[in-house]
Structures are given as structure tokens and as C-alpha cells.
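All of the numbers you see were taken from the coordinates with simple rules; none came from a lab. Predicted, not measured: the structure shown is a model, and the values here were computed from it. Here the Cβ positions follow ideal geometry from the backbone for every residue, glycine too, while neighbour counts run over all protein chains shown.
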Ligand SMILES: [Zn+2]
């Protein structure tokens, strides 16, 4: 039973020291692994949103000028304009971050509401 490796490692999520079985173990438990993974995903999202914020002015200038001038945009157009996915925009809408209007079954976003996001 001497083949059992025991490496002292620090959990990347909670910081607790534990005995790792392999060099590649990064977490003390499966829970930490999962939680850290989720945290990373969240951080990434926050970061990409901040990047969009930083780039938005620059992008607006180089972007299709007709989109910039439109007073009402579709969800897809908002996504294009912000360099985000439609899903991200849909999520913002369902969270109430982005206010929308409806024309029949179509969802429209007022240009001003997008500007408000960056205020
Ligand atoms: Zn841990």
C-alpha cells in the first residue's frame, strides 16, 4: 500500500489544506470543485460585461451605423450592438436589468434603455 500518494495541497476554493491523491487535484472536495467552477463562470460573466461596457463606445463608432441610429431595436440587434449573446440579453430582460416593450409578439428595446445600462 505504499503506492498511495499523499500530497499536501491547498484547496483552491476554500483554502483548506488536504491530502491530494494526485498532482492534479485542486480541491479538497467535489463540492469545492463545483463551487469554484461556478464562481469562475460568474466572474467571467462579470468580466465580459465590464469589457462590453468599456468597449461599447468604441464599438458603437465602428459598428453598423444604422443600428446606432435606430430608436427601437430587436433583441438580436441589441445583442449585436453590445457584442453579447441573445441569451445574455434575454437574461437581462428577465432580470429586469433591461426594460422592453412589446409590439404584438415582438420584443423591442428602446435605444434609451440600452444607454441607461451604462449610466
Ligand atoms: Zn475546499
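How would you classify the chain from its alpha-carbon gyration tensor, with a ≥ b ≥ c the square roots of the eigenvalues: rounded for a/c under 1.5, else prolate if a/b is greater than b/c, otherwise oblate? Before the final figure, lay out the partial values.
Numbers: a/c = 4.21, a/b = 3.06, b/c = 1.38.
It is prolate, given that a/c is not under 1.5 and a/b is the larger ratio.
With a 10 Å Cβ neighbour count serving as the proxy for reagent exposure, in which order, fewest first, do 111, 105, 42 appear?
Numbers: 111 17, 105 5, 42 10.
Sorted ascending by nearby Cβ count, the order is 105, 42, 111.
Specify whether the C-alpha gyration tensor of the range 63-119 places it in the rounded, prolate or oblate class, a ≥ b ≥ c being the square roots of the eigenvalues: rounded for a/c under 1.5, otherwise prolate if a/b is larger than b/c and oblate if not. Intermediate results must be reported in sequence, preceding the final value.
Numbers: a/c = 1.36, a/b = 1.17, b/c = 1.16.
Here the range 63-119 falls in the rounded category.
Between residue 66 and residue 54, what length comes free when the chain is fully extended (0.36 nm per residue of separation minus the Cα-Cα distance, one decimal in nm)?
Numbers: separation 12, 0.36 × 12 = 4.32 nm, distance 2.13 nm.
Net length gain for the segment: 2.2 nm.
Would you calculate, for the chain, the mean residue ellipticity at 222 nm contributed by helices, counting each DSSP H stretch of 4 or more residues as -39,500 (n - 2.57) and dividing by all residues, to the nearest 500? Display every interim value, and only then the final one.
Values: 5 runs with 63 residues, N = 119.
Helices in the chain give a 222 nm mean residue ellipticity of -16500 deg cm²/dmol.
With the cut-off at 1.5 for a/c, could you classify the range 1-54 from its C-alpha gyration tensor as rounded, prolate or oblate? Can you show the working numbers first?
Working: a/c = 3.94, a/b = 3.56, b/c = 1.11.
Prolate, because a/c is 1.5 or more and a/b exceeds b/c.
Expressed as a whole number of Å, what is the distance separating the alpha-carbon centroids of the range 79-94 and the range 9-45?
What the calculation gives is 30 Å, centre to centre.
Just want the ordering: 27, 37, from fewest to most Cβ atoms lying within 10 Å of their own Cβ.
Values: 27 21, 37 12.
Starting with the residue having the fewest Cβ neighbours, the order is 37, 27.
To make sure I understand, if each residue's beta carbon is the centre and we count other beta carbons within 10 Å, what order do 13, 18, 118 fall in, fewest to most?
Details: 13 20, 18 17, 118 11.
Fewest-to-most ranking of 13, 18, 118: 118, 18, 13.
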